[in-house]
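For reference, the structure discussed in these notes is given below.
The values are calculated or read from the model by the stated rules, or taken from the named source; none is laboratory data. Fair warning: this is a prediction, and the values are worked out from it, not measured in the lab. Because the Cβ atoms are built from the backbone with ideal geometry, glycine has one as well, and the counts that use them run over all protein chains shown.
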Amino acid sequence: MAADPILFVAAKWLGLASGLLILATVAGFVLRWGTRFRLVGITSFTGLLAISCLAFSISYTPRVTISGAVVAPVVFDGGGDLVIAAAPRNLDPKAIEPSVIQVASNLHGGGRKSADGFVRVRLRAIETSADGTARPVVLAEAVRDLANSNVTLTP
C-alpha cells in the first residue's frame, strides 16, 4: 500500500521543476551567467528531492495494527531469528496474544539471517521477586515465516 498520494504529486512537481532547472542551467552555461554554478547545485538537489519522494512513496508500507493489541517496544533485535519485545507493566492478559502477533507482523524480512527461514518473536515482562531480584518472563511467542509472512502463535 502506498503512502499518502501527495508524495506522488510532490515527486511529479519536483521532477517538472528539475527539468525546468536543467534548461535554465544549460542556458546559464551558454549565456555565461554568473549564477550558472549555483544553478547546478539547485538542479541536482531538486532532482534528488524528486527521486527521493518517488522512492519513498513507492516503498512505504504502513504498520499493521491488530485490535486489542498494545504497543510493545522491541528491546532486542539482532537481525537474526530472535526478536524480543517488552510488555507494558499492567498488560491485560487478553492483549498478550494480539500484541505479540502485531509485533511479529510489523517485522521486515529483508536482510534477516535465519537458517530455517523463521523469526521467533517473544513478548516478555519483568517479574520481581520478594528478595528484590528481577527476571524476565516470556508471556507469549509467535513465529513469523519470512518466505510468506505468515504469523503463528506457539504454545
Exercise. Considering only region 124-147, state which residues are surrounded by fewer than 11 Cβ atoms within 10 Å (Cβ to Cβ) and under 22 Å from the mean Cα position of the chain (by Cα).
Key: 147
Quiz item: Is it the case that residue 64 is within 14 Å of the chain's Cα centre (by Cα), hydrophobic (A, V, I, L, M, F, W, C) and within 30 Å of residue 5 (Cβ to Cβ)?
Solution: yes
Quiz prompt | Neighbours by Cβ (under 6 Å, 6+ apart or cross-chain): first from region 51-67, within 30 Å of residue 97 (Cα to Cα) and of a type in the set (Val, Ile, Thr); second modelled with pLDDT of 90 or more and outside any helix (DSSP H, G or I) | solution = 64/106
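Pick from region 1-46 the residues that are of a type in the set (Val, Ile, Thr), surrounded by fewer than 13 Cβ atoms within 10 Å (Cβ to Cβ) and more than 37 Å from the chain's Cα centre (by Cα): which of them is farthest from residue 61 (Cα to Cα)?
Once the filter is applied, the top-ranked residue is 30.
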Quiz item: When region 123-151 is examined, which residues are found to be of a type in the set (S, T, N, Q) and under 19 Å from residue 74 (Cβ atoms)?
Solution: 149
Quiz item: Under 7 Å by Cβ, and 6 or more places apart or on different chains, what pairs join a residue from region 120-149 that is in the same structural domain as residue 79 (by TED's automatic domain parsing) with one that is exposed (fewer than 10 other Cβ atoms within 10 Å of the Cβ) and of a type in the set (S, T, N, Q)?
Solution: 134/128
Quiz item: Given the residues 56, 8, 76, which is the only one that is at negative phi and touching a strand residue (DSSP E or B) at 6+ places or on another chain (Cβ under 6 Å)?
Solution: 76
Practice problem: Kindly provide the set of residues from region 48-103 that are surrounded by 13 or more Cβ atoms within 10 Å (Cβ to Cβ), in a loop (DSSP other than H, G, I, E, B) and β-branched (Val, Ile, Thr), ordered by number. | Solution: 64, 66, 70
Exercise. Just one of (1) farther than 14 Å from residue 153 by Cα; (2) surrounded by fewer than 18 Cβ atoms within 10 Å (Cβ to Cβ); (3) in contact with a strand residue (DSSP E or B) (Cβ under 6 Å, 6 or more places away or on another chain) trips up residue 113, so point out which.
Key: (3)
